[in-house]
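Please read the structure below before turning to the comments.
The values are calculated or read from the model by the stated rules, or taken from the named source; none is laboratory data. This structure is a prediction, so every number in the text was calculated from the model and none was measured. When we count neighbours, we look across all protein chains shown, and the Cβ atoms used for this are built from the backbone with ideal geometry, even at glycine.
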Amino acid sequence: MIEQTIEKNHDFRTVTKLYDALPRGVQHATFKKVLVYLEDSNKIAYDKNGAVFWIFARNKPGLIELEQNSTLLR
């Protein structure tokens with residue numbers, strides 16, 4: 001739920017704005033753990049002002065083409 005919200009909107013100016021955009025049932029402790037997980041898995045990043053950005057590329061046309069044209073290294 002949190003991941004889909006960030007991915008759909010791509011960026012939030014503050015963590016509080018992201019938390020406010022989520023449904024009411026999300027607990028703050030769970031929210032913080034999910035943010036740590038997403039940052040550790042390189043799906044989100046923070047800028048120097050604390051804004052949250054979605055950086056994970058999934059099914060991007062350029063990446064798909066690059067993968068198809070690349071040489072497999074063993």
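Looking only at the stretch 30-46, decide whether some residue is farther than 17 Å from GLU7 by Cα and either exposed (fewer than 10 other Cβ atoms within 10 Å of the Cβ) or among the hydrophobic types (A, V, I, L, M, F, W, C) (or both). Within the stretch 30-46 (the criterion being farther than 17 Å from GLU7 by Cα and either exposed (fewer than 10 other Cβ atoms within 10 Å of the Cβ) or among the hydrophobic types (A, V, I, L, M, F, W, C) (or both)), the answer is no, since none of the residues qualifies. Selection of first residues in the stretch 17-39 that are free of Cβ contacts under 8 Å to residues at least 24 places away in the same chain and of second residues that are part of a loop (DSSP other than H, G, I, E, B), restricted to Cβ pairs under 9 Å at least 6 apart or on distinct chains, gives the following pairs, ordered by first then second residue: LYS17/ALA51; TYR19/VAL26; LEU22/MET1; PRO23/MET1; GLY25/MET1; TYR37/LYS43. Could you list, in sequence order, the residues of the stretch 37-61 that are under 11 Å from the mean Cα position of the chain (by Cα) and in a helix (DSSP H, G or I)? Correct list: TYR37, LEU38, GLU39, ASP40. Among the residues making up the stretch 1-17, those that are part of a helix (DSSP H, G or I), modelled with pLDDT of 85 or more and out of contact with any Leu (no Cβ under 8 Å at 6 or more places or on another chain) are THR16, LYS17.
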